[in-house]
Amino acid sequence: MKKKLSIIFLLLIAAFALSACNGDSDGFNQNREINVISRETGSGTRDAFIELVGVQVRDAGGNVIDQTSSEAYIAPGTSIVLSRVETNAYAIGYISLGSLNDSVRAVPINGVLPTTASVQNGTYPIFRAFNLAVPAEISDLAQDFIDFVLSAEGQAVVESRRYVPVSSGAPAYNDPHGMTGTVVVLGSTSVAPVMEHLKEAYEAINPGVTIEVQSAGSSAGINSARDGLADIGMSSRELTSDELAILRSIPMAFDGVAVIVHNDNPVPGLTIEQVRQIFVGDTTRWAPLIP
């Protein structure tokens, strides 16, 4: 019995020593693999992110190539990215700044944290516009809702949700009174949260109007606006030249793309190049990124 206990004791000591060598002494094993969380094809956030950090490149023929690692987990929405990173100490992902909460930690990029101020002054390097995709001809009601979004009142809602307004001198909303009907707004899961708040503010002024906000991804929103299935498409990426041949693109806000990790992850910050290397699969472990 004593011999068996001695063996168990020695095994425990060996396990502890191995754990310490692997960086577990502080609860985080720096030698563990990085679990990359990306977004699905058609996500405006993915399109903006891979372009801004250099994951997307063009070949000699000018064709766009997305070099996102084949090992990345593909999350079909912002909430899934948040959930995967919150519950995995070795995960890294990216989300809209406006969707950031205390369940995860935003990593400084090039020494700058993503905030409304750092997006506005241009010091945070990963940011994009939120756009409304609309046909050349739209209903008076849809146009009035767009007018509200771009008004002083609408832009105040945008700013209250940690986004950067497109204009600091927007005109006051001119309430036409007595409008009725429904406007369908469909698209980006990143734009949808602020659009819900804009919907509530608009409906409070126009109780006879219903604004239906549906999350389905930027490409789905653009296609729905093009095909007449939605009055307004929401996009967190720029529209392509082909899309702009059919639709108008109206910027409604600017947004940072936050690179997020688990709250227990000690990585102090990353450069744009380090982010690129992680998401293309060149850097696969946390050790070289943590002093």
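List every residue pair whose Cβ atoms lie under 7 Å apart, where the two residues are 6 or more positions apart in sequence or sit on different chains, the first residue falls within the stretch 50-77 and is assigned by TED's automatic domain parsing to the domain that holds Val280, and the second residue, located anywhere, is in a loop (DSSP other than H, G, I, E, B) and loosely packed, with under 10 Cβ neighbours inside 10 Å.
From the stretch 50-77, the pairs are Ile65/Asp59.
Since Ser83 meets every condition but one in (1) at pLDDT 95 or above; (2) more than 13 Å from Val259 (Cβ to Cβ); (3) of a type outside the set (A, V, I, L, M, F, W, C); (4) within 12 Å of the chain's Cα centre (by Cα), which condition does it not meet?
Exception for Ser83: condition (4).
Please verify whether the stretch 141-150 includes one or more residues that are among the polar types (S, T, N, Q) and either touching an Asp or Glu at 6+ places or on another chain (Cβ under 9 Å) or free of Cβ contacts under 8 Å to residues at least 12 places away in the same chain (or both).
Yes, that holds for at least one residue.
On the basis of being within 30 Å of Pro76 (Cβ to Cβ), among the acidic types (Asp, Glu), free of Cβ contacts under 8 Å to residues at least 40 places away in the same chain and surrounded by fewer than 17 Cβ atoms within 10 Å (Cβ to Cβ), does Glu200 make the cut?
Details: within 30 Å of Pro76 (Cβ to Cβ): yes; among the acidic types (Asp, Glu): yes; free of Cβ contacts under 8 Å to residues at least 40 places away in the same chain: yes; surrounded by fewer than 17 Cβ atoms within 10 Å (Cβ to Cβ): yes.
For Glu200, the condition - within 30 Å of Pro76 (Cβ to Cβ), among the acidic types (Asp, Glu), free of Cβ contacts under 8 Å to residues at least 40 places away in the same chain and surrounded by fewer than 17 Cβ atoms within 10 Å (Cβ to Cβ) - is met.
Would you point out the residue of the stretch 44-71, among those that are acidic (Asp, Glu) and surrounded by 16 or more Cβ atoms within 10 Å (Cβ to Cβ), that is farthest from Glu238 (Cα to Cα)?
Only one residue tops the list, namely Glu51.
Suppose we filter the stretch 171-192 for residues that are surrounded by fewer than 17 Cβ atoms within 10 Å (Cβ to Cβ) and either touching a Phe, Trp or Tyr at 6+ places or on another chain (Cβ under 8 Å) or not in a loop (DSSP other than H, G, I, E, B) (or both); how many remain?
Selection size over the stretch 171-192: 2.
Being in the same structural domain as Val85 (by TED's automatic domain parsing) and in contact with a helix residue (DSSP H, G or I) (Cβ under 8 Å, 6 or more places away or on another chain) is true for just one of Arg226, Arg285, Arg276. Which residue is that? Lay out the reasoning, then the answer.
On the way: Arg226 fails: in the same structural domain as Val85 (by TED's automatic domain parsing); Arg285 fails: in contact with a helix residue (DSSP H, G or I) (Cβ under 8 Å, 6 or more places away or on another chain).
Checking each option against the conditions leaves just Arg276.
Given the condition among the charged types (D, E, K, R), under 18 Å from the mean Cα position of the chain (by Cα) and closer than 19 Å to Asp144 by Cβ, answer yes or no: does some residue in the stretch 238-255 qualify?
Among the residues of the stretch 238-255, not one is among the charged types (D, E, K, R), under 18 Å from the mean Cα position of the chain (by Cα) and closer than 19 Å to Asp144 by Cβ, which makes the answer no.
Looking only at residues in the stretch 91-115 that are in a strand (DSSP E or B) and more than 14 Å from the chain's Cα centre (by Cα), which one is surrounded by the most Cβ atoms within 10 Å (Cβ to Cβ)? Spell out how you get there, then give the answer.
From the stretch 91-115, those in a strand (DSSP E or B) are 91-96, 105-106, 109, 112; that's our starting set.
Filter again for more than 14 Å from the chain's Cα centre (by Cα), leaving 91, 109, 112.
Numbers: Ala91: 20, Ile109: 24, Val112: 17.
Per the criteria, the residue is Ile109.
Scanning for something among the polar types (S, T, N, Q), touching a Lys or Arg at 6+ places or on another chain (Cβ under 9 Å), outside any helix (DSSP H, G or I) and within 17 Å of Ser38 (Cβ to Cβ), does the stretch 68-86 turn up at least one residue?
Yes: the stretch 68-86 contains one or more residues that are among the polar types (S, T, N, Q), touching a Lys or Arg at 6+ places or on another chain (Cβ under 9 Å), outside any helix (DSSP H, G or I) and within 17 Å of Ser38 (Cβ to Cβ).
Just one of the numbered conditions (1) part of a loop (DSSP other than H, G, I, E, B); (2) at pLDDT below 95 is not true of Phe16; which one?
(1)
Considering Ser168, Ser118, which residue is surrounded by 15 or more Cβ atoms within 10 Å (Cβ to Cβ), among the hydroxyl-bearing types (Ser, Thr, Tyr) and either at pLDDT 95 or above or in a loop (DSSP other than H, G, I, E, B) (or both)?
Exactly one of Ser168, Ser118 is surrounded by 15 or more Cβ atoms within 10 Å (Cβ to Cβ), among the hydroxyl-bearing types (Ser, Thr, Tyr) and either at pLDDT 95 or above or in a loop (DSSP other than H, G, I, E, B) (or both), namely Ser118.
Run down Asp255, Asp264 and say which single residue is touching a residue at least 60 places away in the same chain (Cβ under 8 Å) and buried (at least 23 other Cβ atoms within 10 Å of the Cβ).
Details: Asp264 fails: buried (at least 23 other Cβ atoms within 10 Å of the Cβ).
Residue meeting the stated conditions: Asp255.
The values are calculated or read from the model by the stated rules, or taken from the named source; none is laboratory data. Just so we're clear, the structure is a prediction, and the values are computed from it rather than from any experiment. Cβ atoms come from the backbone with ideal geometry, glycine included; neighbour counts cover every protein chain shown.
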